[in-house]
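Colleague: Dumping the structure here so I can ask a few things about it.
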Amino acid sequence: MEVAAVEGLMQDYELSLQHVLWRVERLHQNKEVVTKRDEGIHRTTYGEMVPRINRLAGALKRIGVKPGDRVATLAWNNNRHLELYYAIPCMGAVLHTLNLRLFPQHLEFIINDAADKVLFVDQTLLPLLKPLLGKIPTIETIVLMAEPGAPPPEGMPQMLDYESLLAAESDSYPWPKLSERMAAAMCYTSGTTGNPKGVVYSHRSQFIHTMGVLQLDNLGLGSNDVLLPVVPMFHANSWGLPYAAGMAGSKVVFLGRFSADAKSIVELAEQEDATYLAGVPTIWIGLAGYLKETGKRLPKVRTVVCGGSAVPQALMETMDSLGLHILHAWGMTETSPLGSVARVPADTKPEDELRLRLTQGRVTPGVEIRITDPTSGEELPWDGVAFGEIQVRGPWIARGYHNGYDPDKLTEDGWFRTGDVAKISPEGYIQIVDRTKDVIKSGGEWISSVELENAVMAHPKILEAAVIGLPHARWDERPVVYAVARPEFKGQVGEDEIKEFLKGKVAKWWVPDEVRFIDEVPKTSVGKFDKKVLRANAVPIKEGVKEEARK
Ligand code: ADP
């Protein structure tokens with residue numbers, strides 16, 4: 001018998017960021033938004049911010065911003081950037097957060113690729129903008145975000161002033177009716193393994209992602225939290241945290257331009273009673289060092305979200321010993337970015353806890369995941385052994401890039417190819433082995449650069465280690481470690497000691513051919529190990545002398 005389709009009787013409510021703004025206005029007026037600025041702490045509330053967001057939307061309209069226009073921001077984490085996060089998408093335009101750590105030629109490419117129409121720039125970032133002038137023809141208007149009384153910038157074209165623009169508008173704005181499929185924001189991948197590509201989030205995807213971030217078993221941000229996002233607002237939408245904070249009503253604390261400085265993070269977190277921090281592993285490596293050195297602690301912090309790169313075991317343990325609980329999360333710009341979170345069920349045996357927290361965790365509700373064989377494309381079992389490329393699908397996963405780059409990123413059956421290689425345990429814990437572009441192919445077998453890095457970073461004298469594969473006549477590629485000694489052990493740790501340390505901890509043939517000591521691992525614009533730079537500058541392996549390692 002055929003079943004007649006019957007429609008549900010629920011409203012077709014468009015999911016949009018206007019709803020988040022509505023909550024900010026109606027429910028969270030007293031919640032503070034605090035920004036560290038050069039001249040001291042700037043304090044405001046959501047209640048004071050809402051009229052400014054309305055004024056900003058009015059100003060955008062007045063300068064000719066139409067629905068769908070891209071409006072770029074070149075800004076630190078601060079209250080004005082948060083105002084832009086709301087006003088631009090809620091008035092129908094597209095917020096395009098520019099990564100201020102990119103080289104000028106990348107910024108130029110991105111602005112032109114997105115065809116940005118208006119650009120908002122923090123005064124301290126004008127030197128970054130200067131070399132781009134004359135090369136970004138789609139930009140019709142530049143708006144300067146400066147402090148009152150700041151001297152006018154020299155040698156720059158005509159710019160509008162943020163505060164004067166706002167002052168000329170009304171406290172209320174007739175927000176237009178938006179369709180949930182409209183673009184709300186765009187963010188370029190940071191280009192760790194290739195050229196930056198534009199990811200375009202819709203209102204719907206942002207709304208659902210925000211709900212996802214808030215779930216207790218996900219990032220679990222709540223109204224009682226004081227959020228201090230160290231992750232920049234230009235990195236994958238600051239991991240969805242600004243909107244999650246608005247939805248939940250969390251107090252937000254911004255570092256301004258003191259973005260990666262451990263002392264500033266600790267002082268601001270202490271002063272503002274931060275409970276919730278988020279950032280990439282290198283930030284926490286620096287912070288842990290500072291805490292140890294000064295003896296300071298942050299007892300009010302309940303969660304330190306750590307993503308963007310795998311969390312080294314040594315870091316997790318050090319942070320635990322300092323009373324800081326790392327919550328390991330995985331994702332990418334193309335996944336909005338929340339993909340998985342390593343929450344450990346309460347009935348986990350204590351001896352398994354650390355191991356599970358070090359995985360990339362379980363896929364977040366709303367997203368489906370599979371791993372596939374790189375050659376056959378066949379789906380692989382979740383047995384904790386087989387590894388293949390992670391593919392995902394769901395309402396906040398990209399289906400393509402702006403301007404149609406890389407159409408093959410989507411499989412024929414609609415899954416997004418992440419380029420990450422992982423195994424998944426029967427319980428669903430994801431263990432990222434590597435990125436497809438970083439995995440080392442030695443004698444027909446794979447060596448996980450991530451696992452080897454973590455093994456080296458477990459050495460007490462090592463602060464950071466990045467591993468790359470270098471060409472080898474016999475084995476195709478062999479691993480080479482670039483290691484940074486802890487400051488107190490500089491010059492006191494050698495290659496042989498590291499190789500000896502690795503024996504028994506990794507397969508014999510994983511022991512690297514060389515360990516090269518450097519002062520600092522080069523970092524990408526978002527603070528990840530920049531293996532492209534290491535590879536470009538690497539001297540070849542001294543072949544012939546290290547054959548023992550493979551036997
Ligand atoms: P880019 O690709 O330019 O680095 P993203 O910030 O979008 O920019 O990076 C996403 C990638 O970062 C993922 O595909 C993955 O390789 C890596 N990544 C993110 N989180 C983790 C994690 N917890 N463990 C290991 N790798 C991670």
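Colleague: Rolling a 1.4 angstrom probe over the protein heavy atoms, how many square angstrom per residue are accessible across the chain?
Modeller: 43
Colleague: Helix 104-114 against the longest principal axis of the chain: what's the angle in degrees, Cα atoms only, rounded to the nearest 10?
Modeller: 60
Colleague: Given a 1.4 Å probe and the protein chains all in place, what does the accessible area of R474 round to, in Å² to the nearest 10?
Modeller: 150
Colleague: Please identify every one of the chymotrypsin sites (Phe, Trp or Tyr not before Pro) in region 1-52 that sits in a loop by DSSP and has no more than 16 other beta carbons within 10 Å of its own beta carbon.
Modeller: Answer in residue order: Y13.
Colleague: Write down the percent of antiparallel bridges among all DSSP beta bridges whose residues are both part of region 438-550, to the nearest 5.
Modeller: Antiparallel bridges make up about 75 percent of those DSSP assigns within region 438-550.
Colleague: When the Karplus curve 6.51 cos²θ - 1.76 cosθ + 1.60 is applied with θ = phi - 60°, which whole-Hz ³J(HN,Hα) does each residue of region 129-134 get, with x for Gly and Pro?
Modeller: Ordered by residue, 3J(HN,Hα) equals 6, 3, x, 8, 4, x Hz.
Colleague: Mind checking region 382-484 for GluC sites (Glu not before Pro) that DSSP puts in a loop (not H, G, I, E or B) and that have at most 10 other Cβ atoms within 10 Å?
Modeller: Passing sites in region 382-484 are E412.
Colleague: With θ set to phi - 60° and the Karplus curve 6.51 cos²θ - 1.76 cosθ + 1.60, what are the ³J(HN,Hα) couplings of region 233-238 in order, to the nearest whole Hz, using x for Gly and Pro?
Modeller: So the J values, rounded to whole Hz, are 5, 9, 9, 6, 6, 6.
Colleague: Please report the antiparallel percentage of the DSSP beta bridges confined to region 161-300, to the nearest 5.
Modeller: So the antiparallel bridges amount to about 50 percent of the total.
Colleague: A further question on this structure: Angle between the Cα long axis of helix 46-62 and the longest principal axis of the chain, 0 to 90 degrees, nearest 10?
Modeller: For 46-62 against the chain, the angle is about 80 degrees.
Colleague: Need the C-alpha centroid separation for region 21-56 versus region 240-313, integer Å.
Modeller: Measuring centre to centre over Cα atoms gives 20 Å.
Colleague: Using the Karplus curve 6.51 cos²θ - 1.76 cosθ + 1.60 with θ = phi - 60°, work out ³J(HN,Hα) for each residue of region 366-379 in order, rounded to whole Hz, and write x for Gly and Pro.
Modeller: Karplus-based 3J(HN,Hα) across region 366-379 equals x, 10, 10, 10, 8, 10, 10, 5, x, 8, 7, x, 5, 6 Hz.
Colleague: Also, quick follow-up: Quick check: with the 1.4 Å probe, what order do K531, K36, K61, K263 take by accessible area, largest first?
Modeller: So the residues, ranked largest to smallest area, are K61, K263, K36, K531.
Colleague: Let me make sure I get this right: for region 257-310, a, b and c are the square roots of the gyration tensor eigenvalues over alpha carbons, sorted descending. Under 1.5 in a/c it's rounded, otherwise prolate if a/b > b/c, else oblate. Which is it?
Modeller: Note, shape of region 257-310 comes out rounded.
Colleague: For R355 and W22 in one chain, what is 0.36 nm times their gap in residues minus the Cα-Cα distance, to one decimal in nm?
Modeller: Contour length minus the Cα-Cα distance gives 115.7 nm.
Colleague: Return the FRET efficiency for the residue pair N224, D476: r is the Cβ-Cβ distance, R0 is 56 Å, and the value is rounded to the nearest 0.05.
Modeller: In this case the efficiency is close to 0.55.
Colleague: Please give the Cα centre distance for region 134-195 versus region 69-124, rounded to the nearest Å.
Modeller: Answer, in whole Å: 6.
Colleague: In what order, largest first, do F254, F501 sit by accessible area if the probe radius is 1.4 Å?
Modeller: Highest to lowest solvent-accessible surface, that is F501, F254.
Colleague: Treat each spin label as a single point 7 Å out from the Cα along the C-beta direction, and report the S321 to E500 distance in nm.
Modeller: Simple spin-label model gives 2.2 nm for this pair.
Colleague: Further question on the same structure: For H235, H106, give the ranking by accessible area with the largest first, probe 1.4 Å.
Modeller: H106, H235
Colleague: Would you kindly state how much longer the chain becomes between E427 and K177 on full extension, computed as 0.36 nm times their sequence separation minus their alpha carbon distance, in nm to one decimal?
Modeller: 85.7 nm
Colleague: Separate question: Looking at the square roots a ≥ b ≥ c of the eigenvalues of the Cα gyration tensor of the chain, which shape do they give, rounded for a/c under 1.5, prolate if a/b is larger than b/c, or oblate?
Modeller: Prolate, because a/c is 1.5 or more and a/b exceeds b/c.
Colleague: Could you tell me whether region 438-550 comes out rounded, prolate or oblate from its Cα gyration tensor? Rule is a ≥ b ≥ c as square roots of the eigenvalues, rounded for a/c under 1.5, then prolate if a/b exceeds b/c, otherwise oblate.
Modeller: Oblate.
Colleague: What number comes out for the charge environment of E32, summing +1 per Lys or Arg and -1 per Asp or Glu over other residues with Cβ under 9 Å away?
Modeller: +2
Colleague: At 222 nm, what helix-only mean residue ellipticity would the chain give, in deg cm²/dmol to the nearest 500, using -39500 (n - 2.57) for each DSSP H run of four or more?
Modeller: Computed ellipticity for the chain at 222 nm equals -8000 deg cm²/dmol.
Colleague: Cα centroid distance between region 406-453 and region 340-393, in Å?
Modeller: Rounded to whole Å, the Cα centres lie 11 Å apart.
Colleague: With a 1.4 Å probe and every protein chain kept in, tell me what percent of the accessible surface of region 438-550 is carbon plus sulfur.
Modeller: Percent of accessible area from carbon and sulfur atoms in region 438-550: 53.
Colleague: Now a separate question. Please give the FRET efficiency for Y290 paired with M10, using the beta carbon to beta carbon distance and R0 = 45 Å, rounded to the nearest 0.05.
Modeller: The formula returns an efficiency of 0.30 here.
Colleague: Next question, about the same structure. Would you mind computing, in nm to one decimal, how far apart the modelled labels at K461 and D161 are, each placed 7 Å from Cα along Cα→Cβ?
Modeller: Distance between the two pseudo-spin positions: 5.8 nm.
Colleague: Still on this structure, I have one more. Among the GluC sites (Glu not before Pro) within region 139-227, which fall in a DSSP loop and have no more than 16 other Cβ atoms within 10 Å of their own Cβ?
Modeller: Sparse-neighbourhood loop GluC sites (Glu not before Pro): E140, E154.
Colleague: At a Cα cut-off below 18 Å, give the aspartates and glutamates reachable from K296, other chains included and same-chain residues fewer than 8 away excluded.
Modeller: Output for K296: D261, E267, E270, E272, D273, E317, D320.
Colleague: Another one. Going by alpha carbons, how many degrees (0 to 90, nearest 10) lie between the helix axis of 281-294 and the longest principal axis of the chain?
Modeller: Taking Cα atoms only, the helix is inclined about 80 degrees.
The values are calculated or read from the model by the stated rules, or taken from the named source; none is laboratory data. Quantities reported herein were computed from a predicted structural model and do not represent experimental measurements. Ideal geometry is used to build each Cβ from the backbone, glycine not excepted, and the neighbour counts take in all protein chains shown. Just the protein is used for accessible areas: all its heavy atoms, side chains included, with ligands, DNA and RNA removed. Shrake-Rupley method; radii C 1.70, N 1.55, O 1.52, S 1.80 Å.
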